[in-house]
Amino acid sequence: MEIDGPLGLLAELTYRCPLACAYCSNPVELAAYREELTTAEWQRVITEAAELGALQCHLSGGEPLLRRDLADLVRTAAEQGLYTNLVTSALGFTAARAAELHDAGLDHVQVSLQADEPQLSDRIAGSPSFARKIEAARRVRELGWPLTLNVVLHRQNIDRVAEVLAAAEELEADRIELANTQYYGWAAVNRAALLPSRDQLAAAEVVVRAAKERLRGRMEIIYVIPDYYATYPKPCMGGWGARQLVVVPTGDALPCLAAHDLPLPAANVREHPLSWIWRDSPIFSAYRGTDWMQDPCRSCARREVDLGGCRCQAFALTGDATRTDPVCHLAPDHDVVEAAVAEANAASRPVELPLVARSFRR
Amino acid sequence: MTRDAQRSGAGPLTQSFPTTGVPRLGRGVKLRYDRARERHVLLLPETVVVLNTTGTAILELCDGQRTVADIVDALRETYADVPEGQVVAYLAKLAERRHLEITDGD
């Protein structure tokens, strides 16, 4: 079978981070990811990804600015013709650092915000960070980059989506991603405190729809629906091993950024060329296409549309990665999701529940 | 978990502009040739737009100097049939998605 190359490399350079967001998708066992790839190893990964056909390089983490060699990696990616995208908390995005990255050829910066105002933002981030984020967002614009803001939505901030949009407008953001939490890693641990109610979602969607209309052509608004409330699952990563290639700090290559714990042999860039990993490794081959599917996916008219949903979510919720993503209303395991949704909508459930902060020591 | 697959569409086209407008690629948008797929593509933060021959021909002329009318004229040097309305509609669609910026000509 002829296998197309990846479109994008998601380079998770480090899982170290100055923030402690409880919705983080990084794995819970962060301490297992301390032996990070060296500069030369990352440069080889970036070059091999470009040779395989990748067009974009997302530099993410953790906080990628904690890598002192970030500008060197950007330069390598730019030399390979990759579109470079920094996904950052913006802590450490000093004037000197920004200038260094600009010179290296960085194309785009995405700054995360946790809310529209310091008290809530800092509480969710677990760190006094809001003021520095706003300053960094302004710096992005001053250096001529397009500005994307990323806001992960959940039970404790979704009621402020109008204020978040107003803050984005004031910062003259080009784009804002309002992404409802996906329950991987730390977010899965914190699901009960993060999953919004149906009423919260309905109210937010009215606000977002009106803002899209009002800001059309000025600011792009990307709203990622919460799949727990969807009828059908998301076509995760555009298909397993079809478009995206994730490399974690210690060099394991994954088809999805939540695939750390799948019971498949790891494929590490320290041991194998990226082309073999992408085309032939067990982890990338396991759920490529539709042959792996069980019913109801196997006989479903939508099997090429949503591709069975997310393998990692199926594994996390059922223990079997080949089952239908339980968020699908047709899934045999849908009751797991229904139970979580019912709890989130219980009259007795407060809006604010304690969050387990992301940390290296659990 | 790729997010672009979950996004809703840009909605119906309502915007239009005069042919004296001057289009150029939007901030942070890059046009490049993709060797692996032998196609031109527009690269954006989280999107790759694969272009067909016509789209490529139009976008290569969006240099921040030429007006829309100039672009139509230039296309007519290569292609027999270039309906201005279709070129304008294509540019308007890309502008609405912020892949292009169109500034006033004068």
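Could you tell me whether the range A:289-362 comes out rounded, prolate or oblate from its Cα gyration tensor? Rule is a ≥ b ≥ c as square roots of the eigenvalues, rounded for a/c under 1.5, then prolate if a/b exceeds b/c, otherwise oblate.
Oblate shape, in that a/c is at least 1.5 and b/c is the bigger or equal ratio.
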Partner chain coverage, peptide B:41-51 - average Cβ within 10 angstrom: 6
- prompt: How big is the Cα convex hull of the range A:1-106 in projection, averaged over all directions, in nm²?
  reply: 7.6 nm²
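Assign one of three labels to the range A:36-157, namely rounded, prolate or oblate, based on the Cα gyration tensor with a ≥ b ≥ c the square roots of its eigenvalues; rounded applies when a/c is under 1.5, prolate when it is not and a/b is larger than b/c, and oblate otherwise. Numbers along the way, then the final one.
Numbers: a/c = 2.10, a/b = 1.81, b/c = 1.16.
Prolate, because a/c is 1.5 or more and a/b exceeds b/c.
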task: Enumerate the aspartates and glutamates that B:K30 could reach by cross-link, defined here as Cα to Cα under 14 Å, with residues fewer than 8 away along the same chain left out.
output: A:D107, B:E46, B:E60, B:D63, B:E101
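Which of the peptides B:26-32, A:347-353, A:74-80 is most tightly packed, and how do the rest follow, going by the mean number of other Cβ atoms within 10 Å of each residue? Show your work: numbers first, answer last.
Details: B:26-32: 17.9, A:347-353: 9.3, A:74-80: 21.4.
Top to bottom by mean Cβ count within 10 Å: A:74-80, B:26-32, A:347-353.
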message: In whole percent, and with a 1.4 Å probe on the protein chains, what portion of the accessible area of chain A is carbon and sulfur?
response: 50 percent
query: What average count of beta carbons from other chains do you get within 10 Å of the Cβ of residues in A:176-183?
result: 1
statement: In debye to the nearest 20, the charge dipole size for the protein assembly as shown, taken about the Cα centre with +1 at each Lys and Arg Cβ and -1 at each Asp and Glu Cβ, equals 620 debye
Shielding by other protein chains, A:210-222, mean Cβ within 10 Å: 3
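Hey, what's the per residue convex hull volume over the C-alpha atoms of the protein assembly as shown, in cubic angstrom? Please list the in-between numbers first.
Details: hull volume 70.6 nm³, N = 468.
Hull volume over Cα atoms, normalised by residue count, gives 151 Å³.
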task: Write down Rg/Rh for the range A:250-299, rounded to two decimals, with Rg from the C-alpha atoms and Rh from the Kirkwood relation over Cα pairs.
output: 1.03
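Can you pull out the trypsin sites (Lys or Arg not before Pro) in the range A:241-335 whose DSSP state is coil and whose Cβ has at most 14 other Cβ atoms within 10 Å?
Working: sites: A:R243, A:R270, A:R279, A:R288, A:R298, A:R302, A:R303, A:R311, A:R323; in loops: A:R243, A:R270, A:R288, A:R298, A:R302, A:R323.
Hits after loop and neighbour filter: A:R270, A:R298.
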message: How would the range A:145-241 be classified by its alpha-carbon gyration tensor: rounded, prolate or oblate, with rounded meaning a/c under 1.5 and the a/b versus b/c comparison settling the rest?
response: prolate
- prompt: Treating the beta-carbon of each Lys and Arg as +1 and of each Asp and Glu as -1, no other charges, what is the dipole magnitude of the range B:3-103 about its Cα centre, to the nearest 20 debye?
  reply: 500 debye
statement: Here the residues of the range A:307-328 lying in the modelled label zone of A:A342, meaning backbone nitrogen under 19 Å from a point 7 Å along Cα-to-Cβ, are A:317-318, A:326-328
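Report the gain in length on full extension from A:R214 to A:D4: 0.36 nm times residue separation, minus Cα-Cα distance, nm rounded to one decimal.
Details: separation 210, 0.36 × 210 = 75.60 nm, distance 3.92 nm.
Extra length from A:R214 to A:D4 when fully extended: 71.7 nm.
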task: Would you pull out the residues with amide H under 5 Å of A:D252's amide H, same chain only if 5 or more places away, H placed 1.01 Å from N?
output: A:V269
task: Would you calculate the volume per residue, in Å³, of the smallest convex hull containing every Cα atom of the range A:1-62?
output: 127 Å³
query: In whole Å, what are the Cα extents of the range B:3-103 along the three principal axes, biggest one first?
result: 38, 33, 22
message: For the protein assembly as shown, what does the accessible surface come to per residue with a 1.4 Å probe? Please give it in Å².
response: 42 Å²
task: Evaluate the distance, in nm, between pseudo-label points positioned 7 Å from the Cα of B:R76 and of A:N268 along their respective Cα→Cβ axes.
output: 6.5 nm
- prompt: When the Karplus curve 6.51 cos²θ - 1.76 cosθ + 1.60 is applied with θ = phi - 60°, which whole-Hz ³J(HN,Hα) does each residue of the range A:107-116 get, with x for Gly and Pro?
  reply: 8, 7, 10, 10, 10, 7, 10, 9, 5, 9
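The values are calculated or read from the model by the stated rules, or taken from the named source; none is laboratory data. All values derive from a computational prediction rather than experimental measurement. Methodologically, a virtual Cβ is constructed for each residue, glycine included, from the backbone with ideal geometry; neighbour enumeration extends over all protein chains shown. Remember, those area values only see protein heavy atoms, side chains included, never the ligands or the DNA or RNA. Shrake-Rupley method; radii C 1.70, N 1.55, O 1.52, S 1.80 Å.
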